[in-house]
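Since every read-out is calculated from the coordinates, none of them should be taken as a lab result. Not measured: the values here are computed from a predicted model. Because the Cβ atoms are built from the backbone with ideal geometry, glycine has one as well, and the counts that use them run over all protein chains shown.
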Amino acid sequence: MAELHAEEDRDTGATRQANDAPDADRTYLVGVFTTETRESAEASLREMGNLCRTAGLTVTGSELVRVRVPTPALYLGSGQADRIIAIAQDMSSPVIVFDQPLSPVQMRNWARRAQCEVYDRHGVILEIFARRARTREAQLQVELARAEYAQSHLAGMWQHLSRQGGGSRLARGEGEKQIEIDRRRLHQRVTRARHALEKVSRQRALRRERRDQTTRVALVGYTNAGKSSLLNSLANARVRIADQLFATLDPVTRRLSADGRHTLLLTDTVGFVRNLPPELINAFHSTLEEALEADLILLVVDASDPEAPVQIETTRTILRKLGANRVPVAVILNKMDRCADRHRVELTLRRSINREDRVFYVSATTGEGIDHLRQELISYRSTMRSS
Ligand SMILES: Nc1nc2c(ncn2[C@@H]2O[C@H](COP(=O)(O)OP(=O)(O)OP(=O)(O)O)[C@@H](O)[C@H]2O)c(=O)[nH]1
Ligand SMILES: [Mg+2]
């Protein structure tokens, strides 16, 4: 019924790329947009393609669909859904990924209708984090986020089934029993991960207390902006950098000192992305506290990326959600070596930078502006601190 309310404009059609990906990884990617502009939806879809590749999926084709009124059952109308399922089948792609969060009910309906694996943006990001997690803390954080995600999706399924009261799955009785078992198991997983994490966070808090007197500066920003590269060039560190999304999951702190007297602690942490799953933000809270409790946040931006304004906005929104909006911010416009024209950068970003923010133009790769930034950081207490 609800699907009758859907009105969609079909985009210019699917883009198709023939390839020899392993069968199980072949993925058809669907972007859906409602109120945002087409450019912004296209940029988000490109980013989602990267996220899919990072998660080990091979995108065989993608399309952007405009939906005026999303439907509760499938987000899209049923005709549109069947058309997409046919294309995915045509492309031998047993995975369909949506570039936005779907409700648990929508996801289940899609999986049933298409008879294939269906993921949304949150599911793909969680998969990447699971692949990247190396330390025990990161693994626990990801475990907690995944279990909570599964729990909420299970809850959605459960509500849906019970509302149907005696629908076909329930009639078998097995669905209900299985859900109850899964629910209990997930509850145990969540509790175990939470306890273990609390212990690790207490140790982290203790370490923080011990170095309380030193000024702390946190590198924060969109994934791939160059945070780790900046830590390396500012502090002569050797943190892993990579041209990939979410290269860093664990915070790394290095001491920065000029004359042996004035030192500060510089912390690199996990990158952000639009529509980060809330479960992940919760789970990474103790890691992100490094940023919350800093004396200064360096908001690192890839100034050469046309999406920089959205990335700044996303980062500020997450910081606000974390309660870090009172920490002073300096905006670090990185990758200036890739920007032909500084005025253009200023023009593009003028609405994204607050009047009270200090701005630095740098390149972690060529070293442009790095000495100046280091000097300013070292004398931070006297020069950069807002009243
Ligand atoms: N051209 C250019 N490339 C840069 C610069 N800074 C970083 N990069 C490149 O950008 C990519 C990402 O750099 P990282 O330092 O790993 O980025 P990050 O912000 O730590 O990324 P995550 O850990 O994934 O959040 C790498 O390929 C770097 O070599 C720069 O100033 N200029
Ligand atoms: Mg990094």
Original post:
Want the number for R351 to E368: 0.36 nm per residue separation, take away the alpha-carbon distance, what's left?
Top reply: 3.7 nm
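Sort 100-111, 76-87 by the packing proxy (mean of other Cβ within 10 Å over each peptide's residues), most packed first. All intermediate terms of the calculation are to be shown ahead of the outcome.
Working: 100-111: 19.6, 76-87: 18.0.
The most tightly packed comes first, giving 100-111, 76-87.
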Original post:
Taking every pair of alpha-carbon atoms in segment 278-371, what share in percent sits in each 10 Å bin, from 0 to the bin with the longest distance?
Top reply: 15, 45, 31, 9, 0
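In what sequence, highest mean first, do 137-144, 224-231 appear when ranked by Cβ atoms within 10 angstrom? Please list the in-between numbers first.
Details: 137-144: 22.2, 224-231: 25.6.
Descending packing order for the listed peptides: 224-231, 137-144.
Between D337 and D23, what length comes free when the chain is fully extended (0.36 nm per residue of separation minus the Cα-Cα distance, one decimal in nm)? Could you put the intermediate results ahead of the total?
Working: separation 314, 0.36 × 314 = 113.04 nm, distance 4.04 nm.
This chain segment gains 109.0 nm when fully extended.
Dividing the Cα radius of gyration by the Kirkwood radius, what Rg/Rh value follows for segment 232-327? Could the numbers behind the result be given before it?
On the way: Rg = 14.2 Å, Rh = 14.7 Å.
My calculation puts Rg/Rh at 0.96.
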Original post:
Going through segment 319-352, which trypsin sites (Lys or Arg not before Pro) have at most 15 other Cβ atoms within 10 Å and a DSSP loop state?
Top reply: R326, R350, R351
